[in-house]
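Structure first, then comments.
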Amino acid sequence: MFRGVLATAAVAMVLTAVPASADEPGGPIDLGTLPGGLTSWGDRVSNAGSVFGTAWDKESVKRGARWDAAGRITELLPQPGYQVVKPVAITEDGVAIGDSTNTNGWLGRATLWDASGTPVDLPPVSSFPGNSMSSVTAVNAHGIAVGYSYGGPGPETATKWDTARGTVTAVGYGRGFAINDAGAVIGSYQGVSKYWDPAGNLVELEGGGTAADLDNAGTVVGSSGSHAAKWDASGHLTVLDTTGKFSSAKKIGADGTIYGEVDAGNGEARPARWDPLGQLTVFPVPDGGWSRLVTANDTGSALVQTGSDRSVVWGPGGRMTPLPLQAPDGYCSAQDLNDRGAVTGACSVPGRNLHAVRWDLPVIGNW
């Protein structure tokens with residue numbers, strides 16, 4: 001069973017958005033830092049608008065931080081014996097999930113922080129002697145988290161945690177890194193991608209390849225050979241595109257839209273998406289421009305970085321919504337996009353360290 005180990009303090013801070021027109025995203029809303037701290041960073045944003053990230057305290061120690069939709073910050077301490085919090089996910093009801101690690105991040109325990117901020121240990125599976133460490137990588141809508149157990153003389157073990165029931169289950173050898181709402185898991189072992197169906201059966205991925213994400217229907221996306229690919233729940237392969245020399249699929253949305261990157265062979269990868277019928281659309285980057293896919297949501301939008309300090313939301317109808325900086329000579333990095341149009345990351349202005357921020361887009365849908 002999971003055990004609560006430590007309570008943390010909450011600090012109230014209510015922030016308001018920078019006004020925006022109906023056609024522009026609100027923000028970036030400065031989410032602030034811990035009292036006396038100078039730096040913070042937003043990593044994940046829930047559909048409720050809560051943000052999970054990190055913040056440095058007045059002693060310049062890196063801590064976990066959770067901001068609610070109104071901008072109130074709660075410090076999230078790691079489990080005793082560890083120094084750093086690594087954010088992974090935040091649920092609709094504000095439960096934060098990540099790792100408590102040592103300073104260099106190499107060793108740690110998977111951790112859940114409930115509404116009070118109390119860290120709860122997600123232990124390694126006990127069926128493999130010697131495993132003393134655990135790491136979480138994702139959580140589904142039912143509170144089933146996936147990751148892996150490690151630290152023993154044997155192989156790493158893909159692991160599921162039922163955060164409601166407090167149970168831990170071995171999935172198989174390797175690391176689990178994505179889980180759908182039915183409980184199917186993708187991961188890897190010794191460099192080979194693995195797909196476990198909801199019953200825990202190992203499904204062979206036809207043609208081999210690298211798995212990256214899966215949807216609730218059990219469709220897996222990734223790459224096979226040099227090209228973006230998908231596999232159905234039975235492991236049957238479909239190659240998505242061969243027009244470029246290289247391509248890869250990285251995310252799949254609820255409607256079956258697949259997001260990834262294509263490369264004509266000149267080393268300039270471009271964000272791309274395939275609609276449910278397989279039609280390819282490549283992100284329109286000006287000649288000589290640079291871009292990369294950051295992430296995508298379940299409502300048809302992708303977050304794309306278009307330069308060292310600029311990002312846009314690429315809507316399903318092709319509209320580009322640039323995320324504004326806090327100041328003309330400032331810097332921003334966007335990290336996550338929720339299904340309702342909120343984006344989180346961090347921004348700085350001259351003379352000030354990075355602060356966690358949230359942008360709120362006014363429209364999500366068929367632009």
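Between residues in the stretch 292-310 that are free of Cβ contacts under 8 Å to residues at least 60 places away in the same chain and among the small types (Gly, Ala, Ser) and residues that are open to solvent by 20 Å² or more (accessible area, probe 1.4 Å) and not in a loop (DSSP other than H, G, I, E, B), which pairs lie under 6 Å by C-beta distance while being six or more apart or on different chains?
Within 6 Å, the pairs are ALA296/LYS251.
Could you pull out the residue among LEU293, LEU240, LEU280 that is over 25 Å from PHE177 (Cα atoms), touching a strand residue (DSSP E or B) at 6+ places or on another chain (Cβ under 8 Å) and among the hydrophobic types (A, V, I, L, M, F, W, C)?
Of the residues listed, the single one that is over 25 Å from PHE177 (Cα atoms), touching a strand residue (DSSP E or B) at 6+ places or on another chain (Cβ under 8 Å) and among the hydrophobic types (A, V, I, L, M, F, W, C) is LEU280.
For every residue, the table says whether it meets (1) in contact with a strand residue (DSSP E or B) (Cβ under 6 Å, 6 or more places away or on another chain); (2) open to solvent by 10 Å² or more (accessible area, probe 1.4 Å); (3) polar (S, T, N, Q).
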{"site": "ASP43", "(1), (2), (3)": "yes, yes, no"}
{"site": "SER50", "(1), (2), (3)": "yes, yes, yes"}
{"site": "LYS62", "(1), (2), (3)": "yes, yes, no"}
{"site": "ARG72", "(1), (2), (3)": "no, yes, no"}
{"site": "VAL84", "(1), (2), (3)": "yes, yes, no"}
{"site": "ASP93", "(1), (2), (3)": "no, yes, no"}
{"site": "GLY108", "(1), (2), (3)": "yes, no, no"}
{"site": "SER116", "(1), (2), (3)": "no, yes, yes"}
{"site": "VAL120", "(1), (2), (3)": "yes, yes, no"}
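Considering (1) at pLDDT below 95; (2) surrounded by 18 or more Cβ atoms within 10 Å (Cβ to Cβ); (3) not hydroxyl-bearing (Ser, Thr, Tyr), say which one ASP255 fails and leave the rest.
(2)
Filter the stretch 310-338 for residues that are exposed (fewer than 15 other Cβ atoms within 10 Å of the Cβ) and part of a loop (DSSP other than H, G, I, E, B) and give the result.
From the stretch 310-338, those exposed (fewer than 15 other Cβ atoms within 10 Å of the Cβ) are 317-320, 322, 327-329; that's our starting set.
Within the stretch 310-338, GLY317, GLY318, ARG319, ALA327, PRO328, ASP329 meet the criteria.
For the stretch 73-93, enumerate the residues that are under 20 Å from the mean Cα position of the chain (by Cα), in a loop (DSSP other than H, G, I, E, B) and under 18 Å from SER132 (Cα atoms).
Passing the criteria: only PRO78.
Okay, residues lined up against (1) under 29 Å from GLU92 (Cα atoms); (2) touching a Ser or Thr at 6+ places or on another chain (Cβ under 9 Å); (3) modelled with pLDDT under 95:
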site	(1), (2), (3)
GLY143	yes, yes, no
VAL146	yes, yes, no
ARG175	yes, yes, no
ALA184	yes, no, no
GLY187	yes, yes, no
TRP196	yes, no, no
LEU202	no, no, no
LEU205	no, yes, no
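Quick check on SER247: is it modelled with pLDDT of 95 or more and either farther than 21 Å from ALA302 by Cα or open to solvent by 30 Å² or more (accessible area, probe 1.4 Å) (or both)?
When the stated conditions are applied, SER247 does not pass them.
Would you check if ASN104 is assigned to a loop (DSSP other than H, G, I, E, B), in contact (Cβ under 8 Å) with a residue 40 or more places away in the chain, closer than 26 Å to PHE177 by Cβ and polar (S, T, N, Q)?
The answer is no for ASN104.
Restricting the search to the stretch 161-200, which residues are open to solvent by 50 Å² or more (accessible area, probe 1.4 Å) and assigned to a loop (DSSP other than H, G, I, E, B)?
ALA164, ARG165, ASP181, ALA182, GLN190, GLY191, PRO198, ALA199
Of all the strands (runs of 3 or more DSSP E) wholly in the stretch 203-306, which have at least 1 residues that are aromatic (Phe, Trp, Tyr)?
Fully inside the stretch 203-306 and qualifying: 227-231, 246-252, 258-263, 270-274.
The values are calculated or read from the model by the stated rules, or taken from the named source; none is laboratory data. Nothing here was measured: the structure is a model prediction, and the numbers come from that model. Quick reminder, even Gly has a Cβ in these numbers, built from the backbone with ideal geometry, and neighbours come from all protein chains shown. SASA here: full protein model, heavy atoms, side chains in, ligands and nucleic acids out. Shrake-Rupley method; radii C 1.70, N 1.55, O 1.52, S 1.80 Å.
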